[in-house]
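Asker: Let me give you the structure first, and then I'll get to my questions.
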Amino acid sequence: MKHKGWITVLIMLCIGVLLACGGTRPPRDPPTRVPSDFPATPTPSPTPPPTPLPDDPKSQVGTVDIVNNSGQAIWYIYISPSDADDWGSDWLGADIVASGERHTITDIPVGVYDLKAESQSGHSLDLLWNVTIAGEITWHLSPIIALEITNRSDAEITGLYIAEPDSTTWGEDWLAGATIPPGEVYRISDIAPGIYDLRAVDADGIGIEEIYAVDVAVGYTWEIIGRTGLPVGAVLRFEDDFSDNRNNWGLTPESDTVQYIPPTDGEFCILIKSTNLTAWEWYEPFRPEEFVAEIACAIPEGEASCGLGFGPDGDNLLWFEVAPYEQVYALFLLQDAEWQDAFIGWTESKHIVPDSQNYLSMERVGGVVSIYINSVLVGEVETDVFPTGRIGIGGAAYHQGNVMVCMDNLRVWQIE
(Lines give C-alpha, C1' and ligand atoms only; values in the text may rest on other atoms or scores of the structure.)
Protein backbone atom coordinates (compact mmCIF):
# COMPACT_ATOMS: atom_id res chain seq x y z
CA MET A 1 0.00 0.00 0.00
CA LYS A 2 1.19 3.38 -1.14
CA HIS A 3 1.25 6.26 2.04
CA LYS A 4 -0.68 9.41 1.05
CA GLY A 5 0.54 11.47 4.23
CA TRP A 6 4.11 11.82 2.91
CA ILE A 7 2.84 13.16 -0.30
CA THR A 8 0.93 15.96 1.52
CA VAL A 9 4.08 17.07 3.44
CA LEU A 10 6.10 17.30 0.30
CA ILE A 11 3.51 19.42 -1.45
CA MET A 12 3.39 21.89 1.39
CA LEU A 13 7.18 22.14 1.49
CA CYS A 14 7.29 23.03 -2.14
CA ILE A 15 4.69 25.75 -1.78
CA GLY A 16 6.78 27.32 0.97
CA VAL A 17 9.88 27.45 -1.01
CA LEU A 18 8.07 29.19 -3.84
CA LEU A 19 6.70 31.90 -1.59
CA ALA A 20 10.15 32.55 -0.09
CA CYS A 21 11.59 33.24 -3.54
CA GLY A 22 9.29 36.15 -4.24
CA GLY A 23 6.88 34.31 -6.53
CA THR A 24 8.82 34.79 -9.81
CA ARG A 25 7.79 32.76 -12.85
CA PRO A 26 9.67 29.62 -13.11
CA PRO A 27 12.01 29.43 -16.10
CA ARG A 28 10.96 27.56 -19.19
CA ASP A 29 11.64 23.95 -19.07
CA PRO A 30 14.79 23.16 -20.92
CA PRO A 31 14.24 21.30 -24.17
CA THR A 32 13.97 17.68 -23.60
CA ARG A 33 17.18 15.94 -24.53
CA VAL A 34 17.15 12.78 -26.36
CA PRO A 35 18.87 10.00 -24.51
CA SER A 36 22.02 8.82 -26.18
CA ASP A 37 20.64 5.36 -26.48
CA PHE A 38 17.37 6.46 -28.14
CA PRO A 39 17.14 5.47 -31.76
CA ALA A 40 17.51 8.35 -34.28
CA THR A 41 14.68 9.20 -36.65
CA PRO A 42 15.62 7.63 -40.02
CA THR A 43 16.44 9.96 -42.95
CA PRO A 44 14.07 9.41 -45.91
CA SER A 45 15.76 7.80 -49.00
CA PRO A 46 14.59 7.88 -52.69
CA THR A 47 12.09 5.24 -53.66
CA PRO A 48 13.89 2.67 -55.91
CA PRO A 49 12.47 2.26 -59.49
CA PRO A 50 10.33 -0.80 -60.03
CA THR A 51 12.09 -3.88 -61.35
CA PRO A 52 11.48 -4.02 -65.16
CA LEU A 53 9.44 -6.90 -66.50
CA PRO A 54 11.26 -9.42 -68.75
CA ASP A 55 11.33 -8.53 -72.51
CA ASP A 56 8.58 -10.05 -74.63
CA PRO A 57 10.32 -12.86 -76.59
CA LYS A 58 8.22 -12.00 -79.64
CA SER A 59 9.95 -8.61 -79.91
CA GLN A 60 13.30 -10.30 -80.54
CA VAL A 61 12.29 -12.32 -83.63
CA GLY A 62 10.68 -11.62 -86.98
CA THR A 63 8.46 -13.39 -89.47
CA VAL A 64 8.62 -13.64 -93.27
CA ASP A 65 5.36 -14.37 -95.07
CA ILE A 66 6.18 -15.72 -98.56
CA VAL A 67 3.58 -15.28 -101.31
CA ASN A 68 4.62 -17.37 -104.31
CA ASN A 69 3.22 -16.04 -107.59
CA SER A 70 6.40 -16.82 -109.54
CA GLY A 71 4.87 -19.60 -111.61
CA GLN A 72 7.45 -22.03 -110.20
CA ALA A 73 7.52 -24.12 -107.04
CA ILE A 74 9.93 -22.90 -104.36
CA TRP A 75 12.08 -25.70 -102.99
CA TYR A 76 14.70 -23.71 -101.08
CA ILE A 77 14.63 -20.48 -99.08
CA TYR A 78 17.82 -18.88 -97.81
CA ILE A 79 17.78 -16.11 -95.20
CA SER A 80 21.35 -15.02 -94.58
CA PRO A 81 22.70 -12.05 -92.59
CA SER A 82 23.76 -9.39 -95.07
CA ASP A 83 27.31 -9.38 -93.75
CA ALA A 84 27.68 -13.17 -94.08
CA ASP A 85 29.94 -14.71 -96.74
CA ASP A 86 27.56 -17.52 -97.74
CA TRP A 87 23.85 -18.29 -97.88
CA GLY A 88 23.83 -20.79 -95.05
CA SER A 89 21.15 -23.44 -94.62
CA ASP A 90 17.79 -23.87 -96.32
CA TRP A 91 14.88 -22.60 -94.17
CA LEU A 92 12.16 -24.66 -95.87
CA GLY A 93 13.44 -28.07 -94.94
CA ALA A 94 11.04 -30.68 -96.31
CA ASP A 95 8.41 -28.07 -97.25
CA ILE A 96 7.72 -26.96 -100.84
CA VAL A 97 5.85 -23.75 -101.67
CA ALA A 98 3.85 -24.38 -104.84
CA SER A 99 3.04 -21.54 -107.19
CA GLY A 100 -0.07 -19.74 -105.93
CA GLU A 101 0.54 -20.76 -102.32
CA ARG A 102 2.02 -18.93 -99.33
CA HIS A 103 4.27 -20.02 -96.53
CA THR A 104 5.33 -18.34 -93.28
CA ILE A 105 8.76 -18.62 -91.71
CA THR A 106 8.90 -17.63 -88.04
CA ASP A 107 11.44 -17.15 -85.26
CA ILE A 108 13.96 -15.25 -87.36
CA PRO A 109 16.23 -13.20 -85.09
CA VAL A 110 15.76 -9.47 -85.68
CA GLY A 111 18.39 -8.17 -88.09
CA VAL A 112 19.30 -7.24 -91.68
CA TYR A 113 19.25 -10.11 -94.16
CA ASP A 114 19.61 -11.14 -97.80
CA LEU A 115 16.84 -13.45 -99.04
CA LYS A 116 16.92 -15.96 -101.91
CA ALA A 117 14.31 -18.36 -103.30
CA GLU A 118 15.35 -21.28 -105.53
CA SER A 119 13.64 -23.87 -107.70
CA GLN A 120 14.15 -27.63 -107.44
CA SER A 121 17.12 -27.43 -109.83
CA GLY A 122 18.75 -24.67 -107.77
CA HIS A 123 17.97 -21.76 -110.11
CA SER A 124 17.21 -18.46 -108.46
CA LEU A 125 13.56 -17.38 -108.54
CA ASP A 126 14.02 -14.14 -106.61
CA LEU A 127 16.63 -12.23 -104.61
CA LEU A 128 16.22 -9.52 -101.99
CA TRP A 129 19.13 -7.62 -100.46
CA ASN A 130 19.55 -5.77 -97.14
CA VAL A 131 16.05 -6.51 -95.84
CA THR A 132 15.36 -5.49 -92.24
CA ILE A 133 13.40 -8.27 -90.53
CA ALA A 134 11.66 -7.02 -87.39
CA GLY A 135 8.10 -8.03 -86.77
CA GLU A 136 6.33 -9.39 -89.86
CA ILE A 137 7.23 -8.70 -93.49
CA THR A 138 5.66 -10.06 -96.68
CA TRP A 139 7.77 -11.30 -99.61
CA HIS A 140 5.89 -11.35 -102.93
CA LEU A 141 7.44 -13.43 -105.70
CA SER A 142 6.13 -12.18 -109.06
CA PRO A 143 5.71 -14.23 -112.26
CA ILE A 144 8.97 -14.87 -114.08
CA ILE A 145 8.97 -14.10 -117.79
CA ALA A 146 11.32 -16.93 -118.63
CA LEU A 147 11.29 -16.37 -122.39
CA GLU A 148 10.36 -13.34 -124.47
CA ILE A 149 10.29 -13.82 -128.24
CA THR A 150 10.34 -10.93 -130.71
CA ASN A 151 9.69 -11.93 -134.32
CA ARG A 152 11.84 -9.67 -136.49
CA SER A 153 11.76 -12.06 -139.43
CA ASP A 154 9.49 -11.80 -142.46
CA ALA A 155 7.76 -15.10 -141.66
CA GLU A 156 4.93 -15.87 -139.30
CA ILE A 157 6.03 -18.23 -136.53
CA THR A 158 3.51 -21.05 -136.18
CA GLY A 159 5.54 -23.49 -134.10
CA LEU A 160 7.87 -23.06 -131.12
CA TYR A 161 9.88 -25.91 -129.66
CA ILE A 162 11.83 -25.97 -126.40
CA ALA A 163 13.94 -29.05 -125.72
CA GLU A 164 16.69 -30.02 -123.34
CA PRO A 165 20.09 -30.23 -125.09
CA ASP A 166 20.39 -33.99 -124.65
CA SER A 167 16.89 -34.68 -125.99
CA THR A 168 16.66 -36.61 -129.27
CA THR A 169 13.44 -34.82 -130.34
CA TRP A 170 12.10 -31.29 -130.24
CA GLY A 171 9.00 -32.37 -128.33
CA GLU A 172 5.63 -30.59 -128.31
CA ASP A 173 4.80 -27.24 -129.87
CA TRP A 174 4.67 -24.60 -127.11
CA LEU A 175 2.47 -22.27 -129.16
CA ALA A 176 -0.35 -24.85 -129.20
CA GLY A 177 -2.18 -23.23 -132.11
CA ALA A 178 -1.13 -19.63 -131.46
CA THR A 179 1.09 -17.75 -133.91
CA ILE A 180 3.65 -14.95 -133.71
CA PRO A 181 3.26 -12.62 -136.72
CA PRO A 182 6.21 -10.51 -137.90
CA GLY A 183 6.86 -7.64 -135.52
CA GLU A 184 4.94 -9.22 -132.62
CA VAL A 185 6.18 -10.19 -129.14
CA TYR A 186 5.25 -13.43 -127.37
CA ARG A 187 6.03 -14.31 -123.74
CA ILE A 188 6.25 -17.65 -121.94
CA SER A 189 6.43 -17.73 -118.14
CA ASP A 190 5.90 -21.37 -117.20
CA ILE A 191 9.17 -22.92 -118.33
CA ALA A 192 11.02 -24.76 -115.60
CA PRO A 193 14.38 -23.03 -115.09
CA GLY A 194 17.16 -24.77 -117.00
CA ILE A 195 19.25 -24.94 -120.18
CA TYR A 196 17.37 -25.43 -123.45
CA ASP A 197 17.63 -25.50 -127.23
CA LEU A 198 14.93 -23.44 -128.99
CA ARG A 199 13.46 -23.71 -132.49
CA ALA A 200 10.94 -21.57 -134.39
CA VAL A 201 9.25 -22.87 -137.56
CA ASP A 202 6.85 -21.56 -140.18
CA ALA A 203 3.53 -22.99 -141.36
CA ASP A 204 5.34 -25.57 -143.52
CA GLY A 205 7.40 -26.78 -140.59
CA ILE A 206 10.55 -25.23 -142.03
CA GLY A 207 12.95 -23.87 -139.45
CA ILE A 208 13.07 -20.08 -139.24
CA GLU A 209 15.80 -20.01 -136.60
CA GLU A 210 17.36 -22.11 -133.83
CA ILE A 211 19.42 -21.20 -130.79
CA TYR A 212 21.24 -23.54 -128.43
CA ALA A 213 22.19 -23.94 -124.76
CA VAL A 214 20.05 -21.02 -123.60
CA ASP A 215 19.67 -20.46 -119.84
CA VAL A 216 16.10 -19.32 -119.18
CA ALA A 217 16.42 -19.30 -115.38
CA VAL A 218 16.50 -15.52 -115.08
CA GLY A 219 14.69 -14.64 -118.29
CA TYR A 220 15.88 -14.59 -121.89
CA THR A 221 14.94 -12.40 -124.86
CA TRP A 222 15.12 -14.07 -128.27
CA GLU A 223 15.02 -11.73 -131.25
CA ILE A 224 14.34 -13.92 -134.27
CA ILE A 225 15.68 -12.45 -137.51
CA GLY A 226 15.41 -15.64 -139.53
CA ARG A 227 17.64 -17.27 -142.08
CA THR A 228 19.14 -15.13 -144.83
CA GLY A 229 18.78 -16.18 -148.43
CA LEU A 230 21.36 -15.84 -151.15
CA PRO A 231 21.97 -12.39 -152.67
CA VAL A 232 20.67 -11.55 -156.11
CA GLY A 233 22.88 -12.92 -158.87
CA ALA A 234 24.41 -15.74 -156.79
CA VAL A 235 25.36 -18.68 -158.98
CA LEU A 236 26.67 -21.94 -157.51
CA ARG A 237 30.13 -22.50 -159.01
CA PHE A 238 31.61 -25.17 -156.77
CA GLU A 239 30.49 -27.78 -154.26
CA ASP A 240 32.13 -30.75 -152.61
CA ASP A 241 30.59 -33.22 -150.17
CA PHE A 242 33.97 -34.96 -149.67
CA SER A 243 32.52 -38.32 -150.66
CA ASP A 244 35.68 -38.75 -152.73
CA ASN A 245 38.89 -36.81 -153.30
CA ARG A 246 38.49 -35.63 -156.84
CA ASN A 247 39.58 -32.16 -155.72
CA ASN A 248 42.86 -33.38 -154.19
CA TRP A 249 42.44 -32.34 -150.59
CA GLY A 250 44.99 -33.30 -147.96
CA LEU A 251 48.02 -33.71 -150.23
CA THR A 252 50.23 -31.49 -148.06
CA PRO A 253 52.85 -33.66 -146.30
CA GLU A 254 52.32 -34.25 -142.59
CA SER A 255 54.47 -32.16 -140.24
CA ASP A 256 55.16 -32.01 -136.52
CA THR A 257 52.41 -29.42 -136.09
CA VAL A 258 49.59 -30.41 -138.46
CA GLN A 259 48.26 -33.26 -140.59
CA TYR A 260 45.84 -32.77 -143.51
CA ILE A 261 43.87 -36.01 -143.85
CA PRO A 262 42.42 -36.82 -147.32
CA PRO A 263 38.61 -37.08 -147.32
CA THR A 264 37.03 -40.26 -145.95
CA ASP A 265 33.44 -41.05 -145.00
CA GLY A 266 32.24 -37.74 -146.44
CA GLU A 267 34.53 -35.55 -144.32
CA PHE A 268 37.78 -33.68 -144.78
CA CYS A 269 39.63 -33.45 -141.47
CA ILE A 270 42.69 -31.58 -140.24
CA LEU A 271 44.59 -32.78 -137.17
CA ILE A 272 46.12 -29.78 -135.41
CA LYS A 273 48.89 -31.12 -133.23
CA SER A 274 50.30 -27.90 -131.80
CA THR A 275 48.72 -25.31 -129.58
CA ASN A 276 48.21 -21.72 -130.74
CA LEU A 277 48.10 -22.75 -134.38
CA THR A 278 45.71 -21.90 -137.22
CA ALA A 279 45.65 -24.30 -140.15
CA TRP A 280 43.71 -24.21 -143.41
CA GLU A 281 43.76 -25.53 -146.96
CA TRP A 282 42.81 -23.58 -150.05
CA TYR A 283 40.05 -24.19 -152.55
CA GLU A 284 41.82 -23.50 -155.86
CA PRO A 285 39.57 -23.56 -158.98
CA PHE A 286 38.91 -19.81 -159.29
CA ARG A 287 39.41 -16.48 -157.48
CA PRO A 288 36.13 -14.65 -156.97
CA GLU A 289 35.64 -10.97 -156.24
CA GLU A 290 32.06 -11.05 -154.96
CA PHE A 291 30.96 -14.38 -153.56
CA VAL A 292 29.24 -16.47 -150.92
CA ALA A 293 31.16 -19.39 -149.38
CA GLU A 294 29.75 -21.93 -146.92
CA ILE A 295 31.21 -24.89 -145.04
CA ALA A 296 29.81 -27.32 -142.46
CA CYS A 297 32.26 -27.91 -139.63
CA ALA A 298 32.42 -29.97 -136.43
CA ILE A 299 34.92 -30.65 -133.65
CA PRO A 300 34.62 -34.40 -132.87
CA GLU A 301 36.46 -34.09 -129.57
CA GLY A 302 38.35 -31.49 -127.57
CA GLU A 303 38.41 -27.72 -127.72
CA ALA A 304 39.16 -26.21 -131.13
CA SER A 305 37.70 -23.73 -133.59
CA CYS A 306 36.30 -24.00 -137.11
CA GLY A 307 37.39 -21.49 -139.73
CA LEU A 308 36.44 -20.12 -143.15
CA GLY A 309 38.71 -17.67 -144.90
CA PHE A 310 39.30 -15.54 -147.99
CA GLY A 311 42.55 -14.10 -149.23
CA PRO A 312 45.16 -14.06 -151.98
CA ASP A 313 47.85 -16.17 -150.25
CA GLY A 314 49.04 -17.73 -146.99
CA ASP A 315 50.25 -14.40 -145.59
CA ASN A 316 47.04 -12.49 -146.24
CA LEU A 317 43.70 -13.79 -145.06
CA LEU A 318 40.30 -12.64 -143.85
CA TRP A 319 39.47 -15.38 -141.33
CA PHE A 320 36.01 -16.12 -139.86
CA GLU A 321 36.36 -18.37 -136.82
CA VAL A 322 33.78 -20.13 -134.62
CA ALA A 323 34.59 -21.84 -131.29
CA PRO A 324 31.63 -24.16 -130.60
CA TYR A 325 32.72 -25.17 -127.09
CA GLU A 326 32.40 -21.55 -125.92
CA GLN A 327 29.68 -20.45 -128.39
CA VAL A 328 31.77 -17.52 -129.63
CA TYR A 329 32.92 -16.26 -133.02
CA ALA A 330 35.34 -13.65 -134.41
CA LEU A 331 36.52 -12.12 -137.70
CA PHE A 332 40.32 -11.83 -137.91
CA LEU A 333 42.69 -10.25 -140.41
CA LEU A 334 46.09 -11.70 -141.33
CA GLN A 335 48.11 -9.20 -143.32
CA ASP A 336 51.73 -9.59 -144.43
CA ALA A 337 52.01 -12.66 -142.17
CA GLU A 338 50.98 -10.66 -139.07
CA TRP A 339 47.64 -10.88 -137.29
CA GLN A 340 46.10 -7.40 -137.10
CA ASP A 341 43.43 -6.01 -134.81
CA ALA A 342 40.31 -8.11 -135.28
CA PHE A 343 37.46 -6.71 -137.33
CA ILE A 344 35.13 -8.45 -134.86
CA GLY A 345 36.52 -9.67 -131.55
CA TRP A 346 35.28 -12.79 -129.80
CA THR A 347 31.51 -12.47 -129.50
CA GLU A 348 28.93 -14.84 -128.00
CA SER A 349 26.21 -16.28 -130.21
CA LYS A 350 23.56 -18.79 -129.15
CA HIS A 351 23.15 -19.67 -132.83
CA ILE A 352 26.27 -21.83 -132.43
CA VAL A 353 25.61 -25.49 -131.68
CA PRO A 354 28.04 -26.37 -128.87
CA ASP A 355 28.55 -30.07 -129.57
CA SER A 356 27.56 -30.68 -133.17
CA GLN A 357 27.97 -29.42 -136.71
CA ASN A 358 27.72 -25.71 -137.54
CA TYR A 359 27.46 -23.99 -140.91
CA LEU A 360 29.83 -21.03 -141.38
CA SER A 361 29.15 -18.63 -144.26
CA MET A 362 31.04 -15.62 -145.58
CA GLU A 363 29.66 -13.21 -148.15
CA ARG A 364 31.24 -10.25 -149.88
CA VAL A 365 28.99 -7.99 -151.92
CA GLY A 366 29.49 -4.28 -152.68
CA GLY A 367 32.46 -3.86 -150.36
CA VAL A 368 30.67 -5.36 -147.35
CA VAL A 369 31.78 -8.63 -145.77
CA SER A 370 28.94 -10.43 -144.01
CA ILE A 371 29.32 -13.48 -141.78
CA TYR A 372 26.64 -16.03 -140.93
CA ILE A 373 26.26 -18.90 -138.48
CA ASN A 374 23.75 -21.55 -139.48
CA SER A 375 22.34 -19.12 -142.07
CA VAL A 376 21.73 -16.35 -139.50
CA LEU A 377 23.55 -13.04 -140.00
CA VAL A 378 25.82 -12.32 -137.01
CA GLY A 379 28.12 -9.55 -138.30
CA GLU A 380 29.03 -7.17 -141.10
CA VAL A 381 32.21 -5.23 -141.89
CA GLU A 382 32.78 -2.67 -144.63
CA THR A 383 36.24 -3.26 -146.12
CA ASP A 384 38.01 -3.36 -149.49
CA VAL A 385 40.86 -5.56 -148.26
CA PHE A 386 41.88 -8.26 -150.75
CA PRO A 387 39.99 -7.40 -154.00
CA THR A 388 40.24 -11.03 -155.13
CA GLY A 389 41.28 -14.24 -153.47
CA ARG A 390 40.75 -17.90 -152.75
CA ILE A 391 38.55 -19.69 -150.24
CA GLY A 392 40.29 -21.40 -147.32
CA ILE A 393 38.78 -23.91 -144.88
CA GLY A 394 40.26 -25.21 -141.62
CA GLY A 395 40.44 -24.39 -137.93
CA ALA A 396 42.56 -23.41 -134.97
CA ALA A 397 43.84 -24.79 -131.67
CA TYR A 398 44.76 -22.61 -128.71
CA HIS A 399 45.53 -24.15 -125.32
CA GLN A 400 44.86 -27.76 -126.36
CA GLY A 401 46.77 -29.64 -129.06
CA ASN A 402 46.01 -32.83 -130.99
CA VAL A 403 42.48 -31.76 -131.87
CA MET A 404 40.59 -32.63 -135.04
CA VAL A 405 38.60 -30.21 -137.21
CA CYS A 406 36.28 -31.98 -139.68
CA MET A 407 34.47 -30.33 -142.60
CA ASP A 408 31.71 -31.22 -145.03
CA ASN A 409 29.52 -29.71 -147.76
CA LEU A 410 31.68 -26.90 -149.09
CA ARG A 411 29.80 -24.65 -151.50
CA VAL A 412 30.89 -21.47 -153.27
CA TRP A 413 28.60 -19.08 -155.18
CA GLN A 414 29.85 -16.34 -157.43
CA ILE A 415 27.86 -13.07 -157.68
CA GLU A 416 27.32 -12.36 -161.38
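The values are calculated or read from the model by the stated rules, or taken from the named source; none is laboratory data. All figures in this text were calculated on a predicted structure; none of them were measured in a lab. As a convention, Cβ positions derive from the backbone with ideal geometry for all residues, glycine included, and neighbour counts pool all protein chains shown.
Asker: Anything in region 299-334 that is farther than 16 Å from Asn276 by Cα, of a type in the set (A, V, I, L, M) and surrounded by fewer than 19 Cβ atoms within 10 Å (Cβ to Cβ)? List them, or say none.
Answerer: The one that is farther than 16 Å from Asn276 by Cα, of a type in the set (A, V, I, L, M) and surrounded by fewer than 19 Cβ atoms within 10 Å (Cβ to Cβ): Val328.
Asker: Could you give me the residue pairs with C-beta distances under 7 Å whose first residue belongs to region 156-180 and is touching a residue at least 12 places away in the same chain (Cβ under 8 Å), whose second residue is of a type in the set (Lys, Arg) and not in a loop (DSSP other than H, G, I, E, B) wherever it lies, and which are 6+ apart or on separate chains?
Answerer: Correct list of pairs: Tyr161/Arg199; Trp170/Arg199.
Asker: In addition: State all residues of region 331-351 that are small (Gly, Ala, Ser) and under 16 Å from Thr383 (Cβ atoms); if no residue qualifies, say none.
Answerer: First, the residues of region 331-351 that are small (Gly, Ala, Ser): 337, 342, 345, 349.
Result: Ala342, Gly345.
Yes/no matrix, rows are residues, columns are (1) closer than 22 Å to Asp315 by Cβ; (2) in contact (Cβ under 8 Å) with a residue 24 or more places away in the chain; (3) touching a Cys at 6+ places or on another chain (Cβ under 6 Å):
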residue: Gly229; (1), (2), (3): no, no, no
residue: Gly233; (1), (2), (3): no, yes, no
residue: Leu236; (1), (2), (3): no, yes, no
residue: Val258; (1), (2), (3): yes, no, no
residue: Pro263; (1), (2), (3): no, no, no
residue: Leu271; (1), (2), (3): no, yes, no
residue: Ser274; (1), (2), (3): yes, yes, no
residue: Thr278; (1), (2), (3): yes, yes, no
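Asker: OK, next. Could you go through region 382-404 and let me know if any residue there is closer than 27 Å to Gly207 by Cα and not in a strand (DSSP E or B).
Answerer: Checking region 382-404: not a single residue is closer than 27 Å to Gly207 by Cα and not in a strand (DSSP E or B).
Asker: Filter region 364-390 for residues that are farther than 14 Å from Gly307 by Cα and in contact with a Ser or Thr (Cβ under 9 Å, 6 or more places away or on another chain) and give the result.
Answerer: Passing the criteria: Arg364, Gly367, Val368, Val369, Ser370, Ser375, Val376, Leu377, Val378, Gly379, Glu380, Val381.
Asker: Considering only region 121-156, how many residues are surrounded by fewer than 15 Cβ atoms within 10 Å (Cβ to Cβ) and under 30 Å from Glu209 (Cβ atoms)?
Answerer: Within region 121-156, residues that are surrounded by fewer than 15 Cβ atoms within 10 Å (Cβ to Cβ) and under 30 Å from Glu209 (Cβ atoms) number 7.
Asker: Residue by residue through region 190-209, note down the ones that are in a loop (DSSP other than H, G, I, E, B) and under 22 Å from the mean Cα position of the chain (by Cα).
Answerer: Correct list: Asp190, Ile191, Ala192, Pro193, Gly194.
Asker: With respect to Pro263, is the statement that it is under 23 Å from Asn248 (Cα atoms) and surrounded by 16 or more Cβ atoms within 10 Å (Cβ to Cβ) true? Break it down stepwise before answering.
Answerer: Numbers: under 23 Å from Asn248 (Cα atoms): yes; surrounded by 16 or more Cβ atoms within 10 Å (Cβ to Cβ): yes.
Answer is yes for this residue.
Asker: Next question, about the same structure. Determine whether Gln340 is over 35 Å from the mean Cα position of the chain (by Cα), surrounded by fewer than 17 Cβ atoms within 10 Å (Cβ to Cβ) and not hydrophobic (A, V, I, L, M, F, W, C).
Answerer: Working: over 35 Å from the mean Cα position of the chain (by Cα): no; surrounded by fewer than 17 Cβ atoms within 10 Å (Cβ to Cβ): yes; not hydrophobic (A, V, I, L, M, F, W, C): yes.
Here the answer is no, as Gln340 does not meet what is asked.
Asker: Moving on to the next point. If you go through region 351-365 one residue at a time, do you hit one that is touching a residue at least 60 places away in the same chain (Cβ under 8 Å) and of a type in the set (Gly, Ala, Ser)?
Answerer: Yes: one or more hits.
Asker: Given the criteria closer than 18 Å to Ile299 by Cα and at pLDDT below 95, does Asp215 qualify?
Answerer: no
Asker: Restricting attention to region 197-213, and to residues there that are buried (at least 17 other Cβ atoms within 10 Å of the Cβ) and of a type in the set (A, V, I, L, M), which single residue is farthest from Gly159 (Cα to Cα)?
Answerer: Selected residue: Ile211.
Asker: Can you find a residue in region 125-139 that is under 30 Å from Ile225 (Cα atoms) and within 24 Å of the chain's Cα centre (by Cα)? Please lay out each step first, then the result.
Answerer: Of all residues in region 125-139, those under 30 Å from Ile225 (Cα atoms) come to 125.
Now restrict to residues that are within 24 Å of the chain's Cα centre (by Cα): 125.
Within region 125-139, one or more residues are under 30 Å from Ile225 (Cα atoms) and within 24 Å of the chain's Cα centre (by Cα).
Asker: Another question, if that's okay. In region 81-137, which residue that is in a strand (DSSP E or B) and either touching a His at 6+ places or on another chain (Cβ under 8 Å) or among the hydroxyl-bearing types (Ser, Thr, Tyr) (or both) is modelled with the lowest pLDDT?
Answerer: The initial filter retains those residues of region 81-137 that are in a strand (DSSP E or B), namely 81, 90, 97, 102-109, 111-118, 124-133, 135-137.
Still in the running and either touching a His at 6+ places or on another chain (Cβ under 8 Å) or among the hydroxyl-bearing types (Ser, Thr, Tyr) (or both): 97, 104, 106, 113, 124, 132.
On the way: Val97: 96, Thr104: 96, Thr106: 95, Tyr113: 96, Ser124: 76, Thr132: 96.
Ranking the qualifying residues of region 81-137, first place goes to Ser124.
Asker: Whether any residue in region 101-120 is exposed (fewer than 12 other Cβ atoms within 10 Å of the Cβ), more than 20 Å from Gly62 (Cα to Cα), without any contact (Cβ under 8 Å) to a residue 40 or more places away in the chain and in contact with a strand residue (DSSP E or B) (Cβ under 9 Å, 6 or more places away or on another chain) is what I want to check.
Answerer: Checked against the condition, which is being exposed (fewer than 12 other Cβ atoms within 10 Å of the Cβ), more than 20 Å from Gly62 (Cα to Cα), without any contact (Cβ under 8 Å) to a residue 40 or more places away in the chain and in contact with a strand residue (DSSP E or B) (Cβ under 9 Å, 6 or more places away or on another chain), region 101-120 yields no hits at all.
Asker: Quick one: would you say Cys269 is in contact with a strand residue (DSSP E or B) (Cβ under 9 Å, 6 or more places away or on another chain), over 28 Å from Gly229 (Cβ atoms) and either hydrophobic (A, V, I, L, M, F, W, C) or not in a strand (DSSP E or B) (or both)?
Answerer: yes
Asker: Restricting to region 210-252, and then to whatever is assigned to a loop (DSSP other than H, G, I, E, B) and touching a Leu at 6+ places or on another chain (Cβ under 6 Å), can you tell me which residue is farthest from Gln357 (Cα to Cα)?
Answerer: Filtering first and then ranking leaves Val216.
Asker: Would you call Arg187 closer than 25 Å to Leu377 by Cα, in a strand (DSSP E or B) and modelled with pLDDT under 95?
Answerer: For Arg187, the condition - closer than 25 Å to Leu377 by Cα, in a strand (DSSP E or B) and modelled with pLDDT under 95 - is met.
Asker: Now for a separate question. Could you list all residues from region 145-168 that are β-branched (Val, Ile, Thr), assigned to a loop (DSSP other than H, G, I, E, B) and either touching a Leu at 6+ places or on another chain (Cβ under 6 Å) or modelled with pLDDT of 95 or more (or both)?
Answerer: Hit for region 145-168 is Thr158, nothing else.
Asker: Considering each of Ala337, Ala293, Ala298, Ala342 in turn, give the residue that is closer than 24 Å to Asp215 by Cα and either out of contact with any Leu (no Cβ under 6 Å at 6 or more places or on another chain) or in contact (Cβ under 8 Å) with a residue 12 or more places away in the chain (or both).
Answerer: The match here is Ala298.
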